Amino acid sequence: MKSALFVLLLSAFGAVAQETLPPDQRLPFDQANAVVRYDCTAVRVNEDGSGESLRHYRVALLSDRAVRQYAQDETVYNLGYDTVEVVAARVHLPDGQVIDVDTSAIKDVPLPAFGKFYLQNVREKIITFPALEKGAEIEVQLREVTHEPPMDGEFNLTEGFEHTDPVQTKHVQVSMPESMPLKWKVRGDGVVHFEKRLDDRIVHTWMIQDVEQVVPEPGMPPFPEVSRLLLASTIEDWETWSKWYTSLAEPEMVADSSIQAEVQALIKGKGREEAIRAIFQFVSNRIRYVDTALTGRKAGYKPESASVTYRNKYGVCRDKAALMVTMLREAGIESNITLMNPSWKIDGDLPVDQFNHAIVTVWENGNPVYIDPTVEKTTEFLAANEQDRAVLTCTKAGEDLAWTPIEAPEKNLYQVAATSKVDENGRLQSHVKISSQGFPDLILRSYMQSISPQERDILFQNLVQGIAPTARLDSLSISDLQDLNTALEINIDLTADDYVVKAGDFWLMNSIAQGHGFDFLSSFLLSGTELTERRYPLRLESTFAVQMSETLEYPKGLKVRSLPEKVDLKQAEFRLSRTCQNSGQTVTVKQALDVGALDIPLARYGELLQMVNRLDVLERGKLY
């Protein structure tokens, strides 16, 4: 038998849906793939943080693509915290016929294993809809019971008001005990809020109508950053969250005799900085990033004990972070486990659960240094996408949110240096050295390790032929890809017959220091700038600097008549420069691109686009 609460919610939201969208209302989004007719969620919270919710939604399928997209409904949940019940699922056909989904087409299965992960306590409720066709509508009612809140006695919620399909009506209702004041924030406009008292409860309702679809574009910030969003929480502040997670993690961060012995072996004869790096590289590269059992109270939040992670030699981010903190403390280095979200920027205004990753804070003279022990194949402490991200260091006293720094462009440096000579026959011989540090080093090193030596030869032969059709790769050497303490270096020798273009007594030629022949990094990192106009800001993977140079010796008897023009464009965090000089029988060309920002607002996108377009023009500069 359904609870009285559930019947109340079901009837209330059924009435809301029918009043808001009568069946004969014309859909206002004629060009859409599908339209969310209504999406209503009602939540009732108990004083201990437990509760239940009802979600009721209906989607009109306006294309064959939508029929394929909505053929199944999938709801993921964790048995440790929730149970999910399908109350009703049906298909409304264009002729008015209604087909209820048979119980045999509703499955409750373990979440399929993916990659390195199999989460045995995470399940998936799958509804397969029958008789779908263009013009049909699907309707679903789901009941979710939260019997174990992550933080005892507290409640928090995030709920989006936008979709990749347009939404006609969206309702969110939260019923709270009067003793649990709810702080909330809506990001974006158009959402209306109502509040009323019912006996000893406060009921909040948020509503929006006729929401256009979000159409993704290359390089846009992640969806949670750009969409209209509700955040609600009873948690007092971030310090409370910091102390709560500390209470979960501290009992698991105890060094046993095996960890103690390992730490002593790692730090023997090393100073503090060397000891930190040795422990980081051990946890990063020797402890595999593999799922652990997602069972037990507070599963998914509480880390595995350091001794178990050390013995297994595997764990997820929170397990690796807890082990690293344990080892650092054993070495006498003050540190704490730290929560973050590398995927998108969280909203720091309210203490709402937006974290999906755990790293480490090391304290140096009272200042934090952030280290991610899941970052592999690099000496860098953080991945490029962890710049300018909110972090919450977990301590007994409690900490507020802080932010990881934005790195200077030169910290993520890609360099190409060519020493070249053109003989009397117009034949080019050149030695090219490619070096890198920071993010470019990680990209190159990881990619080189992922392909065979034969594939590397083919890759660089193709790059060399981009210099000239007749160019050939004479030799290729790559430094030790496993040696993380030495920056990656690639050395290339190439030859190109008929390199110059002869016009009577005059020669024209390109410079290796220009264009995209060996600069394949800037195009990758500036992905999204191929759009002339944007609807959303541009998010770059990393700050970076690309430096290209060439010294080119030419035969005696020739004189330089013309060199490519000097360029020096600087606009706040963007800079593009090129210099060309002639001395004796040698021309020196230097080109540099610096990008020191991660987020490019629409108001400044034109500045960056101008520089990118100019970079393409520079490729056509000739030595004459």
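What follows draws every value from the coordinates through simple rules; no lab data is involved. This structure is a prediction, so every number in the text was calculated from the model and none was measured. Positions of Cβ are generated from backbone atoms using ideal geometry, with glycine treated the same way; all protein chains shown enter the neighbour counts.
Here are the numbers for this structure:
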{"item": "In nm, spacing of pseudo-spin labels at Glu410 and Gln429 (7 Å Cα→C-beta vector)", "result": "3.5 nm"}
{"item": "Selection from Gln429, Gly504, Ala417, by position along the positive dipole direction of the chain (Cβ)", "result": "Gly504"}
{"item": "Computed E for Asn356/Arg65 - FRET, C-beta separation, R0 25 angstrom, nearest 0.05", "result": "0.25"}
{"item": "Within the chain, percent of DSSP bridges classed antiparallel, to nearest 5", "result": "90 percent"}
{"item": "Peptides ranked, highest mean first, by Cβ atoms within 10 Å: ranges 161-170, 561-570, 366-375", "result": "161-170, 366-375, 561-570"}
{"item": "Dipole moment magnitude, nearest 20 debye, segment 410-618 about Cα centre, only Lys, Arg, Asp, Glu C-beta charged", "result": "560 debye"}
{"item": "Inter-label distance, nm, simple model (7 Å from Cα along the C-beta direction), Phe520/Val192", "result": "5.6 nm"}
{"item": "Cα centre as origin, Lys/Arg/Asp/Glu Cβ charges: the chain dipole, Debye", "result": "1240 debye"}
{"item": "Estimated [θ] at 222 nm from DSSP helical runs (n ≥ 4, -39500 (n - 2.57)) normalised by residues in the chain, nearest 500", "result": "-6500 deg cm²/dmol"}
{"item": "Loop-located trypsin sites (Lys or Arg not before Pro) in segment 349-451, at most 12 other Cβ atoms within 10 Å (DSSP)", "result": "Lys396"}
{"item": "Listed residue (Ser175, Phe161, Ile202) projecting farthest to the positive dipole end of segment 137-206, Cβ model", "result": "Ile202"}
{"item": "Cα shape, segment 410-618, gyration tensor, a/c 1.5 rule", "result": "oblate"}
{"item": "Under the Karplus curve 6.51 cos²θ - 1.76 cosθ + 1.60, θ = phi - 60°, whole-Hz ³J(HN,Hα) for segment 348-359, x wherever Gly or Pro sits", "result": "x, 5, 10, x, 10, 5, 10, 8, 9, 7, 10, 10"}
{"item": "Backbone N under 20 Å from the Val308 label point (7 Å along Cα→Cβ), restricted to segment 361-392", "result": "374"}
{"item": "Sites Ser257 and Val76, calculated FRET efficiency, Cβ-Cβ separation with R0 45 Å, nearest 0.05", "result": "0.65"}
{"item": "Antiparallel DSSP beta bridges within segment 34-170, percent to nearest 5", "result": "95 percent"}
{"item": "Estimated distance in nm for a label pair at Arg201 and Glu376, the labels positioned 7 Å out from Cα along Cα-to-Cβ", "result": "4.9 nm"}
{"item": "Volume per residue of the C-alpha convex hull in segment 130-248, rounded to whole Å³", "result": "192 Å³"}
{"item": "Mean Cα-pair separation over length for segment 410-618, i.e. relative contact order, pairs under 8 Å, 6 or more apart, %", "result": "23 percent"}
{"item": "Calculated FRET value between Ile451 and Thr532, using beta carbons and R₀ = 30 Å, to 0.05", "result": "0.30"}
{"item": "Pairwise centroid distance, computed over Cα atoms, of segment 389-455 with segment 559-621, Å", "result": "20 Å"}
{"item": "Relative packing of 98-104, 489-495, 323-329, which averages over residues the other C-beta atoms within 10 Å, highest first", "result": "323-329, 489-495, 98-104"}
{"item": "Residue list for segment 334-369, given a label point 7 angstrom along the Cα-to-Cβ vector of Ala397 and an amide N cut-off under 19 Å", "result": "334-339, 361-369"}
{"item": "For Rg and Dmax of the Cα atoms in Å, calculated from these coordinates, the label among (i) 29.8, 99; (ii) 31.9, 96; (iii) 24.4, 74", "result": "(i)"}
{"item": "Segment 460-508 versus segment 233-277: alpha-carbon centroid distance in Å", "result": "48 Å"}
{"item": "Of all DSSP beta bridges in segment 241-403, antiparallel share, percent nearest 5", "result": "90 percent"}
{"item": "Shape of segment 61-203, Cα gyration tensor, a/c cut at 1.5", "result": "oblate"}
{"item": "Gained length - Glu217 relative to Asn491, 0.36 nm times residue gap less alpha-carbon distance", "result": "94.9 nm"}
{"item": "Calculated from backbone phi, Karplus (6.51, -1.76, 1.60) coupling profile of segment 207-214 in Hz, x at Gly/Pro", "result": "8, 9, 10, 6, 9, 5, 6, 8"}
{"item": "Burial ranking of peptide ranges 310-322, 469-481, 249-261 (average Cβ count within 10 Å, highest at the top)", "result": "310-322, 249-261, 469-481"}
